[in-house]
Amino acid sequence: MIRIGRRCWIPACLALLGLALLGGCKREAPEVEPPRPGPIAQVPEPEPEPRPEDAEPAGPPELTPLFRDIEKRTFQFFWDTTNELNGLTPDRFPSRPFSSIAAVGFALTAYPIGLENGWISREQAVERTLTTLRFFRDAEMGPQAEGRTGYKGFYYHFIDMDDGHRYEPWVELSSVDTGLLMMGVLFAQSYYDGDGEREQEIREIADELYRRVEWPWLQQRPPLISMGWYPGRGFIQHDWTGYDEAMLVYILALGSPTHPVEPEAWEAWTRTYEESWGVFQGQEYLSFAPHFGHQYSQTWVDFRGIRDAYMRERGIDYFENSRRATYAQRQYAIENPMRWKDYGENVWGLTASDGPQRTDQEYEGEERQFRHYSARGAGLRVAFDDGTIAPTAAVASIAFAPEIVIPATEEMHRRYGEHLFSSYGFLDAFNPSFGYDVPLKTGRIVPDMGWVASDYISIDQGPILAMIANYRNEFVWKVMRKNPYIREGLRRAGFTGGWLEEAAQAEAGASGEEGNEPEAEGGDRVDEEAAEAAPPPEARPQ
């Protein structure tokens, strides 16, 4: 089964997507006074009863027991479905024809979450992680069209579950999917900080894999980075322009100690933002219609309180931006301009996901387009909405807006869980409006419920698990703050403030006290000369 990856949300498709919403289905947009940069204006609530001076202030909403169940099932998805002989994780399950390198990045992040929760032992997590990293270190690389896993440090988007070779001729060498893999690799590098030989080997291999990636090779139209390359056909004629999930590509490319791009790449990337900034559904923010664009980079990078030049001018940070985007998603479902069944304040979530079938059908007297796997979303520039809701769009936004995500998760579980919630948590998507008697690309029709997916998709499962962990105790974010490459990438992109400033001060203090090669847990040495040397096992200070 071929599915189009996230990478295909590209400029060449934008015009087509913009036409996807039929004009007759839209309502006249209400006049909205553009909000000023800053927190979202909330509906006034009654004044609370006075509390004693020594009483604890109200904290964030508590997670219900359902979320622990979701975490455990979603972790088990990665643990059970990954090939234990080579560490390759399937793109989807139970139909699992190939592995996705992005799925492997999420799996490498899932194992420490399972370890921290007591679902696996440290020995098990170390063994699975080492198996995975050794595979990618030893994989056959080169420009040949067949029998190779990657080239120039990049890896093919989809690879065979057993031998790890490029799956089919239509599969590209992918910059963003390599980026998602490298986020998991660097997470493992910073998490496994033990003195034993096996954890030291994890750090060494992770370092080697990251240093191999030749980011400037994909700068065919400098300073932007191309989406990828095909053997025989050459480079993809589209670059990553903002705003979308490729934030992580530029951060990784800027942080490289061996093959970095220059800061002008980030400047060029952010110059493409302007057409995406505006007011949608009462929120002023930088829009990207499918919600995965807000979730992927922030799965690993804590953007709270740190800003680049663009966000300093806007007066917010990327985290606040995604909080607003999450509120806009929910408000869109409440307004429901296309009149899809069941949309509402606690049933919402548009992102790239599975769908029933590519077909045109009559819905409420109008011809509507439906799709199978596709990017779905609602935003300023482009949008496509065929009534298909993906739980990951809401659940994986819990760190952004728990006050609206928790009730949405609970309601979707209560209303649809009998058919939508199974062994590994939420199945990928559902569409209450689709009950047509046509051959389905995937999934099934449930009487009185509509279409329900039959697969779990790894890159939708991964953000659910990691973002719940971030909401609970900032786990993934805290680990990644230690990684020197991520910090360097952010600094070269112009980010300042918050935890990044604190980390710089800590580094300076440690250097002054301990000489020019101070060490701490996770990462690598600080000194510049070591950047070009063989991967060191030692750690770099925070």
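The values are calculated or read from the model by the stated rules, or taken from the named source; none is laboratory data. Note that this is a predicted model, so its numbers are computed, not measured. Cβ: placed from backbone, ideal geometry, glycine included. Neighbour counts: every protein chain shown. To get the accessible areas, we keep the full protein, side chains included, count just its heavy atoms, and leave off ligands, DNA and RNA. Shrake-Rupley method; radii C 1.70, N 1.55, O 1.52, S 1.80 Å.
Quick notes on this one:
- The apolar share of the surface of region 168-241, taken as the fraction of accessible area on carbon and sulfur atoms (1.4 Å probe, ligands and nucleic acids excluded), comes to 46 percent.
- Amide proton proximity set for Phe280, modelled H, under 5 Å, gap of 5+: Tyr285
- Linear extension gain, Gln124 paired with Leu440, 0.36 nm per residue minus alpha-carbon span: 109.8 nm
- Across region 214-226, rounded Karplus estimates of 3J(HN,Hα) from the backbone phi angles (6.51 cos²θ - 1.76 cosθ + 1.60, θ = phi - 60°) give 8, 4, x, 4, 8, 8, 6, 10, x, x, 6, 10, 5 Hz, Gly and Pro being marked x.
- Coupling constants for region 386-394 follow from the phi torsions by the Karplus curve (6.51 cos²θ - 1.76 cosθ + 1.60, θ = phi - 60°), and in residue order they are 10, x, 8, 10, 10, x, 4, 4, 8 Hz; glycine and proline get x.
- Rounded to whole numbers, the Karplus 3J(HN,Hα) couplings from phi for region 287-301 are 8, 9, 4, x, 6, 4, x, 8, 8, 4, 4, 7, 4, 10, 9 Hz, using 6.51 cos²θ - 1.76 cosθ + 1.60 with θ = phi - 60°, and x at Gly and Pro.
- Probe 1.4 Å, protein heavy atoms only - accessible area per residue of region 113-167 in square angstrom: 41 Å²
- Placing +1 on the Cβ of every Lys and Arg and -1 on the Cβ of every Asp and Glu, with no other charges, gives region 271-417 a dipole of roughly 320 debye about its Cα centre.
- Within straight-line cross-link reach of Lys441, lysines at Cα separation under 27 Å, skipping those fewer than 8 residues along the same chain: Lys341
- Count Lys and Arg as plus one, Asp and Glu as minus one, and take only other residues whose Cβ is under 9 Å from that of Gly450; the net charge is then -1.
- Whichever lysines have a C-alpha closer than 28 Å to that of Lys72, once near sequence neighbours (fewer than 8 apart) are set aside: Lys478, Lys482
- Accessible surface, region 202-330, averaged per residue in Å² (probe 1.4 Å): 28 Å²
- Each Lys or Arg adds one and each Asp or Glu takes one away; over the other residues whose Cβ falls under 10 Å from the Cβ of Trp119, this sums to -1.
- Carbon + sulfur, % of accessible area of region 332-380 - ligands and nucleic acids excluded, 1.4 Å: 37 percent
- With semi-axes defined as the square roots of five times the eigenvalues of the C-alpha gyration tensor, the equivalent ellipsoid of region 126-228 measures 25, 17, 10 Å, largest first.
- Taking amide H as placed 1.01 Å from N in the peptide plane, the amide H of Phe154 sits under 5 Å from that of Glu214, each at least 5 places away or on another chain.
- The overall shape of region 245-389, judged from the alpha-carbon gyration tensor, is prolate: a/c is not under 1.5, and a/b is greater than b/c.
- For region 326-447: rounded, prolate or oblate by the Cα gyration tensor [a/c cutoff 1.5]: oblate
- Region 449-500, accessible surface, carbon-and-sulfur percent (1.4 angstrom probe): 50 percent
- For His413, solvent-accessible area (1.4 Å; no DNA, RNA or ligand), Å²: 60 Å²
- Stokes-Einstein D in µm²/s, Kirkwood radius over Cα pairs - region 409-477 at 37 °C with 0.692 mPa s viscosity: 245 µm²/s
- Residue order for Glu168, Glu362, Glu214 - accessible surface, 1.4 angstrom probe, largest first: Glu362, Glu168, Glu214
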